[in-house]
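Undergrad: The structure's right below; bear with me while I get my questions together.
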Ligand SMILES: [Cu+2]
């Protein structure tokens, strides 16, 4: 995976680093106890009497154990909520761009509302402009995943799910399907191009228009027999 291409992914990555380092001493203690227990360094063939459980019977060590666990859990919950809050901010942003995402075995298609019906198989986004994805599927369950942006949401037939992100780095990234959806599931991937507003506008102008009104979801799914359908590539 390349470097993070959104603040959400950056924060998620930081959170993972923090948890890895926080978990490292716990792992060290567990391994140390396991090694001592499995070796002859311990009590050997003469274990102590059953009543001799200095740690299990100590209320002080129990209090410390419960308090530390609670603080770590609370930290995980609050950290996760802060990360997810970034998504919500993008959804509520008035300047957010809406893009309809349709999964089908085994491609992703993108429709750009207010573009007179531009549809692409390669996702184009504007740098530093929040985008809200309206995601659905025309056949089985898929999962829309922009790897480097930390975006992942189910694509279910008959339902529109939403997810938002603010791409903050110009470049080319990856979309994958994250839900096993049939034979060619592993090939269900394409590129995301994050570009400047100017490049994006030029790209949009250069695309064939299908002249659909820009409703949230077109009834026309682009059947090959439709003479007006020059979308896709
Ligand atoms: Cu899929």
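Undergrad: Tell me, which strands (runs of 3 or more DSSP E) wholly within segment 109-185 include 3 or more residues that are more than 17 Å from residue 8 (Cβ to Cβ), within 11 Å of the ligand (Cβ to nearest atom) and touching a strand residue (DSSP E or B) at 6+ places or on another chain (Cβ under 9 Å)?
TA: Counting at least 3 such residues, we get no strands (runs of 3 or more DSSP E) at all.
Undergrad: What tally of residues in segment 31-70 results from selecting those that are surrounded by 10 or more Cβ atoms within 10 Å (Cβ to Cβ) and either modelled with pLDDT of 70 or more or under 41 Å from the mean Cα position of the chain (by Cα) (or both)?
TA: Residues that pass the stated criteria total 19.
Undergrad: Report yes if residue 94 is out of contact with any strand residue (DSSP E or B) (no Cβ under 9 Å at 6 or more places or on another chain) and either part of a strand (DSSP E or B) or under 27 Å from residue 201 (Cβ atoms) (or both), otherwise no.
TA: yes
The values are calculated or read from the model by the stated rules, or taken from the named source; none is laboratory data. No experiment lies behind these values; they were computed from the predicted model shown. Positions of Cβ are generated from backbone atoms using ideal geometry, with glycine treated the same way; all protein chains shown enter the neighbour counts.
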